[in-house]
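Step one of this worksheet: look at the structure below.
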Amino acid sequence: MSAASSPATAPLTIGGVTLQSRFFLGTAGYPSPAVLQQAVAVSGSQVVTVGLKRQLAGDGKPNDFMALVRATGAHLLPNTAGCRTASEAVTLARMARELYGTHWIKLEVVGDEHTLQPDPYELVEAARTLAKDGFEVFPYCMDDIVSCQRLLDVGCRILMPWGAPIGSGQGLLNPTALRTLRARFPDVPLVVDAGIGSPKDAVQAMELGYDAVLLNSAVSQARDPVAMALAFKLAVESGRLAWEAGIMARQDMAVPSTPVTGRPFVL
Amino acid sequence: MIAITVNGQAREVAEGSTLADLVAQLAASPQALATAVNGDFVPRDVRAAHLLHAGDQVFTFQPITGG
């Protein structure tokens, strides 16, 4: 990259599209629809996650959210939040495909109420069915190599390991596992999903060589979500640029950076 | 009339009603929601041919924010 060129990072090809932004943003929990709209705009995100909910009695009015989220121009990534079994997730994914008009699905099958940890067994079963059914499955998964391999075996082309429990903001709890996953699957698009709390966590994920990050609460729960969306945009770009530029190797001992010859006044 | 549930709530519909008839009562437009009956997705274009039966559990979903 020359000094005069813009500091754009390499584009990301994922799910059959090519994106400039490596920052996927969730749409839940913002103080208002207007703030959500501004946050998405400032973030530069080209992928936003969306959900489905059971209709409440008498709630048959036109849905403003759909119009708002379509107006962002971002690719929509519906999730299967709340599902506990493969069967539930498959049904909800098919509903999502019809409602949102996309074959992308963020596949969530949760196995533990307290940590919202993915259930790797149900996840693989759901992924198998959905991949056969033509979905591009973005599985919210563990950072475990074997369960990730199973997901790839059944047709997933993307992996989205958690950094920490959903909504916890704890950052990357096991960077070693994430680094190992990156090394084992060098050609699979990897997205850190869940647990990111601050922009430094996004930088860390990108510096580990992850292709993108997906987060929601870290922006929506900030005092100023729009400013935080910008902070994350810059962090993701910075971390990716650093990865592409090549981070220096760590040394155990000091290595003088000034090219002096010995001590200045000692011959 | 036959008794069904819609999103867990008891409801009566005329015998011979289809899922499309029910959706017309629930939403301003058929595109506004997605449907499942007894746990299985029922696509929009087959709702009109999907007869409802006593005891059916219908679920209707709509877009919402999500993470």
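For region B:36-56, the candidate set comprises residues that are within 18 Å of residue B:14 (Cβ to Cβ) and of a type outside the set (A, V, I, L, M); within that set, the residue that is most open to solvent (accessible area, probe 1.4 Å) is B:53. Within region B:1-13, residues that are open to solvent by 100 Å² or more (accessible area, probe 1.4 Å) sit with their Cβ atoms under 7 Å from residues that are not acidic (Asp, Glu), at 6+ positions apart or across chains, in these pairs: B:1/B:13; B:1/B:14; B:9/A:57; B:12/B:1; B:12/B:2; B:12/B:3.
Per the listing A:81, A:96, A:89, the residue uniquely within 12 Å of chain B (Cβ to nearest Cβ), part of a helix (DSSP H, G or I) and closer than 20 Å to residue A:216 by Cα is A:96.
Starting from region A:16-30, take each residue that is of a type in the set (Val, Ile, Thr) and list its partners that are open to solvent by less than 10 Å² (accessible area, probe 1.4 Å) and assigned to a loop (DSSP other than H, G, I, E, B), counting only C-beta distances under 9 angstrom and pairs at least six apart or across chains. Close Cβ pairs (under 9 Å, with a partner that is open to solvent by less than 10 Å² (accessible area, probe 1.4 Å) and assigned to a loop (DSSP other than H, G, I, E, B)) amount to A:27/B:66.
You will find that of A:146, A:124, the residue that is in a helix (DSSP H, G or I), open to solvent by 10 Å² or more (accessible area, probe 1.4 Å), more than 13 Å from chain B (Cβ to nearest Cβ) and free of Cβ contacts under 8 Å to residues at least 12 places away in the same chain is A:146 and no other.
Comparison of A:249, A:242 shows that the only residue that is assigned to a helix (DSSP H, G or I) and aliphatic (A, V, I, L, M) is A:242. Could you tell me whether any residue of region B:24-33 is modelled with pLDDT of 95 or more, buried (at least 18 other Cβ atoms within 10 Å of the Cβ), under 25 Å from residue A:81 (Cβ atoms) and touching a strand residue (DSSP E or B) at 6+ places or on another chain (Cβ under 9 Å)? The answer is no; no qualifying residue exists. For region A:202-244, the set of residues classified as closer than 24 Å to residue A:107 by Cβ, in contact (Cβ under 8 Å) with a residue 40 or more places away in the chain and in contact with a Lys or Arg (Cβ under 9 Å, 6 or more places away or on another chain) consists of A:206, A:211, A:212, A:213, A:214, A:236, listed by residue number. Among the residues of region A:230-238, are any more than 24 Å from residue A:161 (Cβ to Cβ) and part of a loop (DSSP other than H, G, I, E, B)? No: zero hits. Residue-level check: of (1) open to solvent by 50 Å² or more (accessible area, probe 1.4 Å); (2) closer than 27 Å to residue A:118 by Cα, residue A:203 misses just (1). With the requirement that a residue be among the small types (Gly, Ala, Ser) and at positive phi, what does region A:107-159 give you? Answer for region A:107-159, where residues must be among the small types (Gly, Ala, Ser) and at positive phi: A:134, A:155. Selection of strands (runs of 3 or more DSSP E) fully inside region B:9-67 by the criterion of at least 3 residues being more than 7 Å from chain A (Cβ to nearest Cβ) returns B:9-13.
Just checking, does region A:28-47 include any residue being β-branched (Val, Ile, Thr) and at the interface with chain B (Cβ under 9 Å from one of its Cβ atoms)? There is no residue in region A:28-47 that is β-branched (Val, Ile, Thr) and at the interface with chain B (Cβ under 9 Å from one of its Cβ atoms). Quick check on residue A:182: is it farther than 19 Å from residue B:67 by Cβ and either touching a residue at least 60 places away in the same chain (Cβ under 8 Å) or not in a helix (DSSP H, G or I) (or both)? In short, no.
The values are calculated or read from the model by the stated rules, or taken from the named source; none is laboratory data. Keep in mind it's a predicted model, so treat the numbers as computed, not measured. Positions of Cβ are backbone-derived with ideal geometry, glycine not excepted, and every protein chain shown enters the neighbour counts. All accessible areas refer to the heavy atoms of the entire protein, side chains included, with ligands and DNA or RNA removed. Shrake-Rupley method; radii C 1.70, N 1.55, O 1.52, S 1.80 Å.
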